[in-house]
Structures are given as C-alpha cells and as structure tokens.
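The values are calculated or read from the model by the stated rules, or taken from the named source; none is laboratory data. Here the structure is a predicted model, which is why all the values come from computation and not from measurement. Reconstructed Cβ throughout: ideal geometry from the backbone, glycine too, with neighbour counts over all protein chains shown. Please note that ligands, DNA and RNA were not included when accessible areas were found on the heavy atoms of the full protein model with its side chains. Shrake-Rupley method; radii C 1.70, N 1.55, O 1.52, S 1.80 Å.
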Amino acid sequence: MGARKRLSSSSEPSSSVLKVDTQNKPQEKLNLTDPPIAPPKWGILLKLSLLALPYLYLLFYYYPIEPELRRSILINAGMSLAGLFVTVKMIPVASRYVQKRNLFGYDINKKGTPQGNVKVPESLGIVVGIVFLVVAILFQYFNFAADSNWLVEYNAALACICFMTLLGFVDDVLDVPWRVKLLLPSIAALPLLMAYAGHTTIVIPKPLVAHIGIEILDLGWIYKLYMGLLAVFCTNSINIHAGLNGLEVGQTVVISSAILIHNIMQIGASTDPEYKQAHAFSIYLVQPLLATSLALLSYNWYPSSVFVGDTYTYFAGMTMAVIGILGHFSETLLIFFLPQVLNFLLSLPQLSGYIPCPRHRLPRFDPQTGLLTGTNDGTLVNFFLRNLGPKSEKALCTYLLAFQAIACCFCFLLRYFLAGWYK
C-alpha cells in the first residue's frame, strides 16, 4: 500500500481524469497523450551500487569459495544485471498500458501541490515480478541438472512467487478487503509447502539443552505451519510498512543486500556441502530480486513517477520468505525484518479492530511547508514523525531506511556475539 488515492470504480471521474473506453478509439488515442513518466534516477542507483562492495570483497578475496560455486554465482549476477536494464526499459512501456486501463493514482502526500494532481501509473511491480521470474527460470539452464535434488524446491519457490505476484496484481485491480489479503500468502505458499522435502527439525539453543534433554527437536507438520505463517508475515509486513515514495522498494533493497552478505559469509565459513548449497540457493534468488528492485527504485524514489502497488509488496515479501525458508535462516530473516516487526506491533491495535483503522494511515501533509506531521495512527512512519518532528517525505524515508540498515547490522553483531554459545 502506497501513499496514493485511486479512482474508485463506482465513482465518476473528475473533469481532469479521462476514463478510458476500450471500444472508443478516438478516446483511447487521447489517453496516449498523457505525458511520459520521468526518466530513471540513475544517481540513486550509482549510490546504492556501493552496497555491492562488501559482497564482492567477501566473494573474491576474503573467503576461499570453490571456483565452480563462484562461477554459478557470477553467472546469476550477470543475468540479474541484465534483468536490471530490461526492467528499466520496460517500466515506461508498461506505465502507458496501465494508465490506459485507469490503473493510476494521486500522491496523497503531495495533495495541495501541483505534483498532487499528477496521475501516477500504478501496479508497476508486475514488471519486476515478470523479469525476475524470467531470469530465475533461465538460470536453471546454467546451474541445475535434470536430476538435481534442488530443482523441485527451486521450481516450487518460483511457483509460489509467481502465484503471489498474480494475486497481488488481482488485489491492485479488484482492491480486495484487508481480511482477504491475509489469506492470499497462505494460498500462494502451498506449492512450496507441498514440495518441501527438507528437514523439519530445529536446533535447541545450548543454554536450554540441559533443561530439555535433547539437542535437536523434530517439529514435523508444525514446522510447515511455521513456514506458512512466515510467508504470511513477510508478505503483509512489507505491504503495511509503506506510504512514502521509495519506502516499499527501499526496505526490500536493504534487506536483500543483508541477505546476500549473510549468505556469502555462511558459505565461506562452512565446510558442509549441503549447507553451502542451501545458501547458494538463496543467492540465486536474492540477486535477481535485488537487481530488479533497484531498477524499480530508480522510478519510485522521491519524487515517484510510478507506484509499485500491492503487486510488488506481495512479490517481494514472498520472495524473501522462500529465500529464508529454503536457505534455512528464518531466525536471521526475522531479525532483518525487525522494523517490520515493530511496525506490525504498533499496527496491531488497529488491525485487530480494537482501535478504529482508517483506510490510509498516513501522516498529514502541509502544502505550505512541504513537511509531513505524524498522526496517532499506529505505524512506524507516524511513530518516527511524532518523535523526530515534521520531516519532508524524502528525509523521512531516508531515516526509515537507515533504521532498516541499522537493524540488519544489529543482526550481524548479534550472530557474531552469540556464535558458539547460543547454537
């Protein structure tokens, strides 16, 4: 959910909005005269490309990674980079088509300014989802043999992501109720849950072994239930921690970067081939996610020229969920999601109905000063504004993404200090 106001299907469009009639050719031609979206912000991509430096240092110099595994990672990285440029080229094309179908919105956080009257094409996350799936499917040719044990789970993961992208686009078009949205990730996760053939055990923390009497506990079907709940949480937590230009995509970029570094560290520090393959599996999915998300961020960063829609938030959340599940680091993933956990806890009274929940839980925008002011709604966005004071939308988003990065760094520190003692 972004800071946008969509034209309701049951309401009449205002005089400034042209309602498209697919049977009326002259009217469709007039709709094509809408100004094109702003070009991508290459500057933000160049700045964020610095996040790749620690990863490349670990991959090439710090850890002695096997040449065959490094080759597969580099092939995947090259295909992901190609996916970035394809996504950058396809977003302007797709934006014209979604505008023709009246899939656009107005930026609520710019209401009362000229930018608040600009029609912003919506649901452009569909482009990211399609390019990601194409890259991930083509990569199978270079890495997985026909009898690979990982191929079934890899395709099951892609089926979940594809299913979730489709359901997200359906949500953008039909605007389904919130209670139904909670069920969508459960449905989309079914291919992975049915195909999952990995272990269903957990390692008991060392301080508790003496009290419980066992080191490894087999949870059986409860573990699969946990997997399904994790998919639901990751998907919806990205969706509700939103409302600012660049926030949905930005948090995905930060978390994906942390996942990438975590995976390469685990590969370099382990001697177990199966453990290494699990983390390599995660890399093969997170690199295309990071690349295509960066392409979308170049259009969605403030001032946004496109809206990502629920299509992207569902797609990104489900992708990171299956990455954590199949990479067997769901605990670490939840710490990476610490801001989303806090946002969920702040939102719980409104989401449960205990406190009235408005449709848009956004801060107030003052067109005279251009600043946002926090409301009493239970979101991390409003919490930051209430404690830090009025901020511009760009500055507030930067603060929130910096907090996301701090949470990821905290996770790495926590793993370092607890290593050998906790597990």
Report task. Quick one: count up the residues across segment 261-281 that are open to solvent by less than 10 Å² (accessible area, probe 1.4 Å) and either within 18 Å of TYR61 (Cα to Cα) or modelled with pLDDT of 95 or more (or both). Result -> 5
Query raised in the report: Restricting attention to segment 371-389, does a residue exist that is closer than 25 Å to TYR299 by Cα, aliphatic (A, V, I, L, M) and surrounded by fewer than 20 Cβ atoms within 10 Å (Cβ to Cβ)?
Result: yes
Report task. Take VAL253 and decide whether it is within 17 Å of the chain's Cα centre (by Cα), closer than 18 Å to ILE335 by Cα, among the β-branched types (Val, Ile, Thr) and open to solvent by 10 Å² or more (accessible area, probe 1.4 Å). Result -> no
Report task. Could you check how many residues of segment 236-247 are in a helix (DSSP H, G or I) and farther than 18 Å from PRO288 by Cβ? Result -> 5
Requested in this report: Could you tell me whether any residue of segment 255-266 is touching a residue at least 60 places away in the same chain (Cβ under 8 Å), among the hydroxyl-bearing types (Ser, Thr, Tyr) and in a helix (DSSP H, G or I)?
Outcome: yes
**Report entry** Candidate set from segment 77-99 (those that are under 16 Å from VAL134 (Cα atoms) and not hydrophobic (A, V, I, L, M, F, W, C)); member that is surrounded by the most Cβ atoms within 10 Å (Cβ to Cβ)
**Finding:** THR87
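Of ALA269, ALA280, which residue is in contact (Cβ under 8 Å) with a residue 12 or more places away in the chain and closer than 30 Å to ILE44 by Cα? Working first, answer last.
Values: ALA269 fails: closer than 30 Å to ILE44 by Cα.
It is ALA280.
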Query raised in the report: Would segment 134-141 turn up any residue that is in contact (Cβ under 8 Å) with a residue 60 or more places away in the chain and open to solvent by 40 Å² or more (accessible area, probe 1.4 Å)?
Result: no
**Report entry** Top-ranked residue of segment 31-76 - restricted to ones that are under 28 Å from the mean Cα position of the chain (by Cα) and among the charged types (D, E, K, R), ranked as most open to solvent (accessible area, probe 1.4 Å)
**Finding:** LYS47
Query - Top-ranked residue in segment 101-131 [being outside any loop (DSSP other than H, G, I, E, B) and within 15 Å of LEU84 (Cα to Cα); ranked as most open to solvent (accessible area, probe 1.4 Å)] - result: ILE130
Query - Subset of segment 329-359 [open to solvent by 70 Å² or more (accessible area, probe 1.4 Å) and in contact (Cβ under 8 Å) with a residue 60 or more places away in the chain] - result: PHE344
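Would you mention how many residues in segment 191-231 are in a helix (DSSP H, G or I) and among the acidic types (Asp, Glu)? Outline the logic, then answer.
From segment 191-231, those in a helix (DSSP H, G or I) are 191-195, 206-212, 221-231; that's our starting set.
From what is left, the residues that are among the acidic types (Asp, Glu) are none.
Counting residues in segment 191-231 that are in a helix (DSSP H, G or I) and among the acidic types (Asp, Glu) gives 0.
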Requested in this report: Evaluate the following for ALA94: is it within 23 Å of LEU244 (Cα to Cα), out of contact with any His (no Cβ under 7 Å at 6 or more places or on another chain), in a helix (DSSP H, G or I) and at pLDDT 90 or above?
Outcome: yes
Query raised in the report: Would a scan of segment 132-145 turn up a residue that is under 16 Å from GLY168 (Cα atoms), touching a Ser or Thr at 6+ places or on another chain (Cβ under 8 Å) and either at pLDDT below 90 or part of a helix (DSSP H, G or I) (or both)?
Result: yes
Report summary line: In the set GLY213, GLY243, GLY220, the lone residue that is of a type in the set (Gly, Ala, Ser), more than 26 Å from VAL134 (Cβ to Cβ) and buried (at least 24 other Cβ atoms within 10 Å of the Cβ) is GLY243
Query raised in the report: Within segment 310-324, is even one residue under 22 Å from LYS391 (Cβ atoms) and in contact (Cβ under 8 Å) with a residue 60 or more places away in the chain?
Result: no
Query raised in the report: Which condition does LEU385 not pass, out of (1) without any contact (Cβ under 8 Å) to a residue 12 or more places away in the chain; (2) in a helix (DSSP H, G or I); (3) over 28 Å from ILE126 (Cα atoms), if it passes all the others?
Result: (1)
Requested in this report: Using the structure shown, decide if THR398 is open to solvent by 20 Å² or more (accessible area, probe 1.4 Å) and at pLDDT 95 or above.
Outcome: yes
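This table checks each residue for (1) within 17 Å of SER305 (Cβ to Cβ); (2) among the β-branched types (Val, Ile, Thr).
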{"site": "ARG70", "(1), (2)": "no, no"}
{"site": "VAL93", "(1), (2)": "yes, yes"}
{"site": "VAL98", "(1), (2)": "yes, yes"}
{"site": "ASN102", "(1), (2)": "no, no"}
{"site": "ASN109", "(1), (2)": "yes, no"}
{"site": "ALA136", "(1), (2)": "no, no"}
Requested in this report: Taking the options PHE169, PHE144, name whichever one is surrounded by 15 or more Cβ atoms within 10 Å (Cβ to Cβ), farther than 21 Å from LEU244 by Cβ, free of Cβ contacts under 8 Å to residues at least 12 places away in the same chain and touching a helix residue (DSSP H, G or I) at 6+ places or on another chain (Cβ under 6 Å).
Outcome: PHE144
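Taking only segment 147-162 into account, find how many residues are without any contact (Cβ under 8 Å) to a residue 60 or more places away in the chain and in a helix (DSSP H, G or I).
Going through segment 147-162 one residue at a time, the tally reaches 8.
Do the conditions hold for ARG415, that is, is it part of a loop (DSSP other than H, G, I, E, B) and surrounded by 15 or more Cβ atoms within 10 Å (Cβ to Cβ)?
For ARG415, the condition - part of a loop (DSSP other than H, G, I, E, B) and surrounded by 15 or more Cβ atoms within 10 Å (Cβ to Cβ) - is not met.
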